[in-house]
1. Please specify each residue of the range 203-258 satisfying the condition of being of a type in the set (A, V, I, L, M, F, W, C) and part of a loop (DSSP other than H, G, I, E, B).
2. Test of understanding: among GLY252, GLY216, GLY221, which residue is more than 22 Å from GLU103 (Cβ to Cβ), surrounded by fewer than 18 Cβ atoms within 10 Å (Cβ to Cβ) and not aliphatic (A, V, I, L, M)?
3. Quick one: would you say TRP238 is of a type in the set (A, V, I, L, M, F, W, C), under 25 Å from ASP11 (Cβ atoms) and touching a residue at least 24 places away in the same chain (Cβ under 8 Å)?
4. Here is a list: ALA139, ALA170. Which entry is at pLDDT 95 or above and either in contact with a Cys (Cβ under 6 Å, 6 or more places away or on another chain) or more than 25 Å from MET57 (Cα to Cα) (or both)?
5. Based on this model, can you work out whether ALA67 counts as surrounded by fewer than 21 Cβ atoms within 10 Å (Cβ to Cβ), more than 14 Å from the chain's Cα centre (by Cα) and among the small types (Gly, Ala, Ser)?
6. In the range 143-178, which residues are farther than 15 Å from MET211 by Cβ and in a loop (DSSP other than H, G, I, E, B)?
7. Only one of these is in contact (Cβ under 8 Å) with a residue 60 or more places away in the chain and within 23 Å of PRO18 (Cβ to Cβ): GLU105, GLU62, GLU86. Name it.
8. Given THR72, THR56, which one is outside any helix (DSSP H, G or I) and farther than 18 Å from LYS251 by Cα?
Amino acid sequence: MSRPWHSRPDDIIVHVMPGSQYSAKVVAALESRGLPHFLDFCEPQPPKRRLPSGKTMVPEIEYKGEAVSDATAILRFIDERVDVPEPFVPAAVAADVDTLDEEAETVLEAVCNFFNYVHQPSYEASVRQSLSKYVPWWAFWVNIDSYLEANREKARGKVDAILATRDLDAVKAKLHATLLKYESRLDANPFLACDAPTLADFAVYSKICRMTDNLGDVSVGSAHKDILDADLPNLRAWFSTMQARSPLKWKGKRIPDD
């Protein structure tokens, strides 16, 4: 069931799951461009969500009577509908940005799913412990693992389809090989595609933030803390710059009462 549209059509409203890498991609991008926006925190389980579109995918943007889901689609929508200081997909490097974004949303996303849901120790240190903080002590009948099993099974499917392995060392090697490609790109530019952060930067940044629990003013627990090794100096510098330019801020953005 869809929810009523807010009576603030000229404001950017993003319906999010705080801490989610998908939502972080949009929040970081909006912060980087200084675009004012409000956040609506959604229910963890999709069937319980009420979004303007009537769908269940978050993040979803609500702006001027239109609703768009999916982080990549949202940033493209903003490029088209909002007066953005710098486009998220500059025409001159659009093909390059698309390729980088697609890789981040497949390979890097599958790695993120592996560490957050599939690999048992990191699952317990991140998603499971994060959710357990919201279960009252007296709700002893709540089985967190059963509650999360559908999410875990979906994550397993993505990992198997894209990485074709659940072996920890093999996944770490795939992650490092991917990060080394970003490292080499940063020899020529301060950012992945040009001299300003684009859709591609926010795609990569959000996944690293999620795995390392660098999520600003929320925490979901670290699934893989030691991602940016010493042999990735360019990427480490890039990440520090992204944190300064694109701080993740979730709290204090409640939609004013209509």
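The values are calculated or read from the model by the stated rules, or taken from the named source; none is laboratory data. It should be emphasised that the depicted structure is a prediction, and the values quoted were computed from it without experimental measurement. Ideal geometry is used to build each Cβ from the backbone, glycine not excepted, and the neighbour counts take in all protein chains shown.
1. Step one: of the range 203-258, the residues of a type in the set (A, V, I, L, M, F, W, C) are 203-204, 208-209, 211, 215, 218, 220, 223, 227-228, 230, 232, 235, 237-239, 242, 244, 248, 250, 255.
Scanning the range 203-258 gives LEU215, VAL218, VAL220, ALA223, ILE227, LEU228, ALA230, LEU232, LEU248, TRP250, ILE255.
2. Working: GLY216 fails: surrounded by fewer than 18 Cβ atoms within 10 Å (Cβ to Cβ); GLY221 fails: surrounded by fewer than 18 Cβ atoms within 10 Å (Cβ to Cβ).
Sole residue among the options that is more than 22 Å from GLU103 (Cβ to Cβ), surrounded by fewer than 18 Cβ atoms within 10 Å (Cβ to Cβ) and not aliphatic (A, V, I, L, M): GLY252.
3. Working: of a type in the set (A, V, I, L, M, F, W, C): yes; under 25 Å from ASP11 (Cβ atoms): no; touching a residue at least 24 places away in the same chain (Cβ under 8 Å): yes.
So TRP238 does not fit the description; no.
4. Details: ALA139 fails: at pLDDT 95 or above.
After ruling out the rest, the residue left standing is ALA170.
5. Values: surrounded by fewer than 21 Cβ atoms within 10 Å (Cβ to Cβ): yes; more than 14 Å from the chain's Cα centre (by Cα): yes; among the small types (Gly, Ala, Ser): yes.
Considered against the rule, which asks whether it is surrounded by fewer than 21 Cβ atoms within 10 Å (Cβ to Cβ), more than 14 Å from the chain's Cα centre (by Cα) and among the small types (Gly, Ala, Ser), ALA67 comes out as yes.
6. ASN143, ALA164, THR165, ARG166, ASP167
7. Numbers: GLU62 fails: in contact (Cβ under 8 Å) with a residue 60 or more places away in the chain; GLU86 fails: within 23 Å of PRO18 (Cβ to Cβ).
None of the other options fit; the residue is GLU105.
8. Numbers: THR72 fails: outside any helix (DSSP H, G or I).
On inspection, the qualifying residue turns out to be THR56.
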